[in-house]
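All remarks here apply to the structure that follows.
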Amino acid sequence: MINMSDPNRSHSKIEKLPEDMKKEVETKLIEGETYESISEYLAEHGEDIHPSSIGRYGRKFLKKFESVRIAKEFAKLLAEDNVDRPPTELHEANNMLMSQILMEAIIDTDMTPEERAASAKSIASLQNAQVNNEKLKIVARKQAGAVHTAMNILKNKVFKEISSSHPEIAAALIELAEQTEAEMAKIQ
């Protein structure tokens, strides 16, 4: 039995179309066709659906479609095996995606107050995670600065101690120190 008071129940005429026709409407929406042209297409196939009805369905459908597209891009990013990418980038991408999904859910008029409160709580947790992520970045920058300072001290000591008696060895050691520092910078 259908509960008529269910706020999540679909009233869309598009939902009631045969599956193949519904898919065709969704394809046309994705391709950017106007609601009027989709209404005309449906009329040619014996379905009388006003462009405003298509618009209401289209807005919800395209919103969900965009969320799925973003989620797929994010999954692709996670699947890439890139050791040079800082792990904080993945956390940022995840937080941005989840925040977007949660904000869309909060804006959705079909949510109960309890669901909205749970979503708001989740956003707060994501914001806290982002603050911790920023703290990690600061620590990483400090460590990178410490490596740079240590390499400069080493280069100065090498140059001071060896350069007068063995300038070519001093130059080679300084070059190795600079290469090592550049490699360390790539890792961080």
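The values are calculated or read from the model by the stated rules, or taken from the named source; none is laboratory data. All figures in this text were calculated on a predicted structure; none of them were measured in a lab. Cβ atoms come from the backbone with ideal geometry, glycine included; neighbour counts cover every protein chain shown.
Residue 164 satisfies every condition listed in (1) part of a helix (DSSP H, G or I); (2) more than 31 Å from the chain's Cα centre (by Cα); (3) over 15 Å from residue 176 (Cα atoms) except (1). Counting just the residues of segment 158-170 that are surrounded by fewer than 11 Cβ atoms within 10 Å (Cβ to Cβ) and of a type outside the set (Ser, Thr, Tyr), which one comes out modelled with the lowest pLDDT? Per the criteria, the residue is 160.
Taken over segment 38-71, the criterion of being touching a helix residue (DSSP H, G or I) at 6+ places or on another chain (Cβ under 9 Å) and outside any helix (DSSP H, G or I) is satisfied by 45, 47, 48, 49, 50. Within segment 19-69, the residues that satisfy the criterion of being among the small types (Gly, Ala, Ser), in contact (Cβ under 8 Å) with a residue 12 or more places away in the chain and surrounded by 11 or more Cβ atoms within 10 Å (Cβ to Cβ) are 39, 53, 55, 58, 67.
Restricting attention to segment 135-157, and to residues there that are among the charged types (D, E, K, R) and exposed (fewer than 12 other Cβ atoms within 10 Å of the Cβ), which single residue is modelled with the highest pLDDT? Here the answer is 135. Here residue 83 fulfils each of the conditions (1) over 28 Å from residue 29 (Cβ atoms); (2) modelled with pLDDT of 70 or more; (3) not hydroxyl-bearing (Ser, Thr, Tyr) apart from (2).
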